1. Quick one: net charge of residue 194's neighbours, Cβ under 12 Å, K/R +1, D/E -1?
2. What is the angle, in °, between the Cα long axis of helix 105-123 and the longest principal axis of the Cα atoms in the chain? Nearest 10 is fine, range 0 to 90.
3. How far is helix 63-77 tilted off the main Cα axis of the chain, in degrees rounded to 10, range 0 to 90?
4. Using modelled amide H (1.01 Å from N, peptide plane; none on Pro or chain starts), what sits under 5 Å from the amide H of residue 248, excluding residues fewer than 5 places away?
5. At q = 0.22 Å⁻¹, what log₁₀ I(q)/I(0) does segment 151-263 have when each alpha carbon counts as one equal point scatterer in the Debye sum?
6. Lysines near residue 87 by alpha-carbon distance under 27 Å, same-chain residues fewer than 8 away left out - which ones?
7. Quick one: compute the contact order of the chain, relative version, from alpha carbon pairs under 8 angstrom and 6+ residues apart, as a percent.
8. Report the net charge of residues surrounding residue 153, where surrounding means a beta-carbon distance below 13 angstrom and charges are Lys +1, Arg +1, Asp -1, Glu -1.
Amino acid sequence: MPEITAPVRESIAPSPADSDELFPIRDVSRLTGINPVTLRAWERRYGLIQPTRTESGHRLYSKADIQTVHRIVDWIERGVAVSKVGKILARDDQQAAAVRVEHDTVEQGEWPQWQARLVLAVGAFDDRQLEQLYNQVIATYPLNVAFQDILMPLWNDLLRHQGRFGQASEWLFFDNFLRVRVLQRLQLVCASAAPRVLLAAIPGECRKLELLVAGLLIGRDDLAVKVLGMGQPFDELTLVCEKTQPEALVLFSNYSHTQALAGRLNRLALTLDCPLFLAGAASDLAQADLTGSAVGCLGNEGRLMQRRLQQFLSGNLDT
């Protein structure tokens with residue numbers, strides 16, 4: 001595990017004008033909390049970062065390089081070995097490229113502008129302005145774009161950068177704001193007579209908002225998602241399913257697991273009268289171990305999770 005200290009937030013949503021700015025390694029260390037020795041090891045040993053060099057051989061890092069460092073730390077903190085992070089970053093970059101093909105450049109260029117305006121509202125603890133911006137984002141983009149490309153990346157940045165006085169309060173303010181709005185949308189759908197899917201977190205392996213957003217993105221008008229409370233005991237899921245008779249049970253996790261997870265999930269699947277699925281980052285990380293098992297993997301991207309769940313339930317996709 002790399003040595004991590006509290007980073008200092010310089011700019012969460014940089015403007016295009018400063019996108020070409022370069023930073024020496026000491027500044028990158030200060031901004032990310034990763035010491036220079038670790039940064040050099042990630043470059044030399046694993047090829048995770050490729051900074052440019054001055055004529056005298058000194059490393060210079062771009063804004064994109066700094067963002068890559070944050071991504072590496074995120075995966076390490078989820079339990080992924082640093083030697084495996086490179087493949088995950090490559091996969092994520094491929095998915096991001098697919099998103100860029102689908103969304104034109106003009107629309108993508110608007111996302112940092114929305115985030116910059118949201119940052120100002122959060123920094124001022126202005127709930128009215130935040131409400132207005134949130135409603136505009138939701139009205140302008142599909143839900144998956146609004147949350148996965150605008151709101152949740154900002155939430156993650158605020159979570160990551162809490163080195164100065166007041167920044168923890170900013171994240172809590174934004175986190176609570178989004179929780180309330182997402183929960184309201186989920187409750188409206190669950191009030192309908194549509195069949196239900198139960199969504200539960202593997203204890204201790206995601207935050208409440210991540211679970212709620214997953215439920216929002218997985219659900220459809222004809223299939224409501226009921227999110228179980230955080231801390232739901234794993235060994236009582238069978239009882240809950242017996243009482244509620246859902247169409248499916250989806251477990252959510254953002255952490256890496258050993259191969260023991262596959263056995264644990266398969267044993268749970270044998271006790272259920274409904275299909276069992278795994279979603280979140282863990283779904284991608286455990287997919288190889290769960291191939292051919294009784295547990296289906298839904299992935300970690302909103303539309304993909306929704307589409308795979310529909311295909312599994314309709315019998316058009318095998319586990």
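A short reminder: the numbers here are calculations on the coordinates, not readings from a lab. Fair warning: this is a prediction, and the values are worked out from it, not measured in the lab. With ideal geometry, Cβ positions are generated from the backbone for all residues, glycine too; neighbour counts draw on all protein chains shown.
1. 0
2. Around 90 degrees separate the two axes.
3. The angle comes out at about 40 degrees.
4. The answer is 198.
5. Normalising to I(0) and taking log10 leaves -1.23.
6. 63
7. About 13 percent, as a whole number.
8. Values: positive: 71, 160; negative: 74, 92, 149, 157, 210.
So the surrounding residues net to -3.
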